[in-house]
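Heads up, the thing below is written out as structure tokens.
The values are calculated or read from the model by the stated rules, or taken from the named source; none is laboratory data. Remember, it's a predicted structure, so these values are computed and weren't measured experimentally. FYI the Cβ positions are ideal-geometry reconstructions off the backbone, even for glycines, and counts take in every protein chain you see. Side chains included, ligands, DNA and RNA excluded: accessible areas come from the protein's heavy atoms. Shrake-Rupley method; radii C 1.70, N 1.55, O 1.52, S 1.80 Å.
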Amino acid sequence: MTGKPSILFVCLGNICRSPLAEAAFRKAAADAGLDAEADSAGTAAYHVGTPPDPRSIDTARRHGIEISHFQGRQIEQADFVRFTHIFALDHSNLDNIRSVAPSDHSAHVGLLMDMVPGREGAAVADPYYGGEEHFADTWEDVSRAAQSLVAKLTGQQRS
Ligand code: 4NP
């Protein structure tokens, strides 16, 4: 790949899963010395301008990452040009991303868990109506995906 990778993580509300995916990716990229940009967005506008869910903030803090300053936003047309990769956290969000994508965009659009060998086609379950343990499961999924993605991008940058 030429140029810096830039990754957008997309869920429904941009307050639970995608901020954690962004945080896990930022940490994995920093640990690996990968120069990359990252952001997150929702397909819905329910939480535009609001910080992540307090349970996501706590989960990220448990892993040494501060996300309380993140602000929810909705995916927009410019994202399909600004980002090299757009990853959906589940299938319905992937469908919604594809339905708003401009016809001639250059970004790779796919399912996040497709990055994890053996977990292709899996969704990151929505923890919004669940408990703390669901947020821990979310973290497990997004951090595994982040590690795999960083390994892949690091390999591409070297080749
Ligand atoms: P997220 O979770 O898509 O992982 O941010 C949700 C957040 C809010 C809602 C649904 C899911 N909601 O219905 O407000």
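Just a few scattered comments:
- Applying a length cut-off of 20 Å (Cα extent along the axis) and a mean Kyte-Doolittle floor of -0.5 to the DSSP H helices of the chain leaves 17-32.
- Sites counted here are chymotrypsin sites (Phe, Trp or Tyr not before Pro) in a DSSP loop (not H, G, I, E or B) having no more than 13 other Cβ atoms within 10 Å; the longest part of the chain that contains none of them is 47-128.
- With the charge dipole of the chain set up from +1 on Lys and Arg Cβ and -1 on Asp and Glu Cβ about the Cα centre, the Cα lying farthest toward the positive end among the listed residues Val142, His91, Ala45 is that of Val142.
- Segment 22-39 and segment 65-121 have their alpha-carbon centroids 16 Å apart.
- Ala38 long-range amide H proximity, modeled H, under 5 Å: Ile7
- Within the chain, helix-based [θ] at 222 nm, where runs of 4 or more DSSP H residues each add -39,500 (n - 2.57), nearest 500: -13000 deg cm²/dmol
- In a simple Cβ point-charge model (Lys, Arg +1; Asp, Glu -1; nothing else charged), segment 6-154 has a dipole of about 160 debye relative to its Cα centre.
- Volume per residue of the convex hull around the Cα atoms, evaluated for segment 6-154, comes out as 100 Å³.
- Protein heavy-atom surface of the chain, 1.4 angstrom probe: 50% of the accessible area is carbon and sulfur, with nucleic acids and ligands not counted.
- In the chain, the sites counted are GluC sites (Glu not before Pro) in DSSP loop states with at most 12 other Cβ atoms within 10 Å, and the longest stretch holding none of them, exclusive of the sites, is 1-65.
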